[in-house]
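**Q** One structure coming up, written as structure tokens, with questions to follow.
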Amino acid sequence: MNIASFPEGFIWGVSTSAFQIEGATSADGRGPSIWDTFSADRADACDHYHRHREDVRLMKDLGMAAYRFSVSWPRVFPDASGKLNAAGLDFYDRLLDELLGAGITPYATLYHWDLPQALEDAGGWPVRDTARHFADYAAAVFDRLGDRVDTWFTFNEPWVSAFLGYGSGIHAPGRKSAADAFRAAHHLLLAHGLGAQALRAAGAAKVGTVLNISPVLTPGQVSDAARPLSAEDAEAVARIDALGNRQFLEPMLRGAYPAEVLPIIERTAGLGHVRDGDLELIAQPIDLLGVNYYTPLVVQAQPSEPADPAYPGSEGVLFCTVPTAVTAMGWPIVPGCLSQVLRRLAAEFPETELMITENGADFVDVVTGDGIHDVERISFIEEHLRAVRVAVQEGAKVRGFLVWTLVDNLEWSDGYQRKFGLVHVDFATQRRRLKDSALWYRDVIKRNGLVETRPKRPTLETVAAR
Ligand code: GBH
């Protein structure tokens, strides 16, 4: 068997987030988060809070080396009093002991979208104080768990928190104000800087963050990446790239907002919230950049188009659908874009180590008596892994790959019908069952690579070789 292998020591695992799996939303003094308030399906989720032993066991049996989870801020600081709830941290204490006992390296994310409702009531991310609260929270979590976690990610996808939470309002807290979205973005960046500083000062071994980097391309480029663009389309692509990707990448890694974005912020929100010294603070050195990749953004210039509320400043840009294969959520499947993302990051930030912190897909899984044969998920992940390997072979410093996600879970505004798990969950009984993709992933991990596909039909070369 020919193996397309990954570098020795390549880190394989899965990612989850607190609100999507834990349930137990009022256990041991937890306070409400903005997602408890916002979400209609009040959430037992996967009851991971009580079943974490079983879930760690599953990961162990599948051979996972790494597990990225998030800490629920409202478990730690439940209300407006600012009083620490030690019982909330006890859960992560138990989880970490379990993980380390199973030989699985924990990667902790401090914020995966579940702001304490008390802080939202005080103004939420559009308010500067929230960033300071985040730094206190980061320090408190590190104080309790820092002896067992080496790698700390401050945020998961701050673009989503700012622009879906406060811009389009399709995420909690469901506010719809372009000005607040830009203020939220800045304070999330500031919170990253302050949090990274606090973690570093407390002795964290590695500090990083996780961004959703979506390559931006025109419909024509989806089939032909080298396709030349009109000036109008090139401008549309550059602007959406600046709003969606560079607005976070560049302050964090270079200490400056992209030139395209500053005037948009200024005319939408003013610049009163951007204070002297903020950008220096935001640009704390980081050891690891987590990249979440699912699908590209496909756009073209369209003069009459109003701005998309998730991209204030996107007037004159049309978000397009393309005739590619899609996941059940309708997200275009374009694995080559993952090579492109990694190639770009490696070129622009050659010093920064990278990790794929999320990649995966929802499909409609058919549960049969003899198993869950999720062939589409297997090919999705396999094709994306091949794309990662291409970038690695070109020299991108990609240290690992984490599948989104371990178990079917609560997919935010979409509830429980979206299935991203390697493991199926029957939400009536909480029974877990491995899908074929879980077993396939176990084998990938075991051989640290993919089986080179043999052509099904003889090709000219194989015929000639006979
Ligand atoms: C991840 O976000 C999350 O980290 C994870 O919690 C979640 O379960 C998982 O994806 C699956 O959804 O149409 O304007 O939103 C991915 C978020 C989804 C953000 C695609 C950008 C396209 C642009 N990304 N989205 S928009």
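**Q** So, of the residues in region 268-294 that are within 16 Å of the ligand (Cβ to nearest atom) and open to solvent by less than 30 Å² (accessible area, probe 1.4 Å), which turns out to be farthest from A196 (Cα to Cα)?
**A** Y293
**Q** Among V298, V322, which is the only one that is of a type outside the set (S, T, Y), in contact with a Cys (Cβ under 6 Å, 6 or more places away or on another chain) and within 16 Å of the ligand (Cβ to nearest atom)?
**A** Among V298, V322, only V298 is of a type outside the set (S, T, Y), in contact with a Cys (Cβ under 6 Å, 6 or more places away or on another chain) and within 16 Å of the ligand (Cβ to nearest atom).
**Q** Answer yes or no as to whether L99 is more than 16 Å from the ligand (Cβ to nearest atom) and either buried (at least 21 other Cβ atoms within 10 Å of the Cβ) or among the acidic types (D, E) (or both).
**A** In short, yes.
**Q** In region 231-262, how many are open to solvent by 70 Å² or more (accessible area, probe 1.4 Å), without any contact (Cβ under 8 Å) to a residue 60 or more places away in the chain and part of a helix (DSSP H, G or I)?
**A** Here the count works out to 2.
**Q** Ok, one more. Among the residues of region 392-407, write down those that are among the hydrophobic types (A, V, I, L, M, F, W, C) and assigned to a strand (DSSP E or B).
**A** Listed by number, the residues that qualify are V398, F401, L402, V403, W404, V407.
**Q** Scan region 137-148 residue by residue and report those that are surrounded by fewer than 22 Cβ atoms within 10 Å (Cβ to Cβ) and closer than 21 Å to G101 by Cβ.
**A** Correct list: R144, L145, G146, D147, R148.
**Q** Here is a follow-up. Kindly indicate whether F134 is part of a helix (DSSP H, G or I), touching a Phe, Trp or Tyr at 6+ places or on another chain (Cβ under 9 Å), within 16 Å of the ligand (Cβ to nearest atom) and farther than 18 Å from G290 by Cα.
**A** no
**Q** Same structure, new question: Taking the residues in region 64-95 that are within 20 Å of W404 (Cα to Cα) and not hydroxyl-bearing (S, T, Y) as candidates, determine which candidate is surrounded by the fewest Cβ atoms within 10 Å (Cβ to Cβ).
**A** That would be A65.
**Q** Kindly check whether there is at least one residue in region 400-417 that is within 16 Å of the ligand (Cβ to nearest atom), within 25 Å of G208 (Cα to Cα), surrounded by fewer than 24 Cβ atoms within 10 Å (Cβ to Cβ) and not polar (S, T, N, Q).
**A** Yes, region 400-417 has at least one match.
**Q** On to the next question. I'd like the residue in region 153-199 that is β-branched (V, I, T) and surrounded by fewer than 23 Cβ atoms within 10 Å (Cβ to Cβ) and, out of all such residues, is farthest from the ligand (Cβ to nearest atom).
**A** By that ranking, first place goes to I170.
**Q** Condition (residue is surrounded by 17 or more Cβ atoms within 10 Å (Cβ to Cβ) and outside any helix (DSSP H, G or I)) applied to region 377-391: is it met by at least one residue?
**A** Within region 377-391 (the criterion being surrounded by 17 or more Cβ atoms within 10 Å (Cβ to Cβ) and outside any helix (DSSP H, G or I)), the answer is no, since none of the residues qualifies.
**Q** List the number of the failed condition for G330; all other conditions in (1) surrounded by fewer than 20 Cβ atoms within 10 Å (Cβ to Cβ); (2) on the phi < 0 side of the Ramachandran plot hold.
**A** (2)
The values are calculated or read from the model by the stated rules, or taken from the named source; none is laboratory data. On a predicted model such as this, the values are computed, not experimentally measured, just so you know. Ideal geometry is used to build each Cβ from the backbone, glycine not excepted, and the neighbour counts take in all protein chains shown. What goes into the accessible areas is simple: the full protein's heavy atoms, side chains included, and nothing from ligands, DNA or RNA. Shrake-Rupley method; radii C 1.70, N 1.55, O 1.52, S 1.80 Å.
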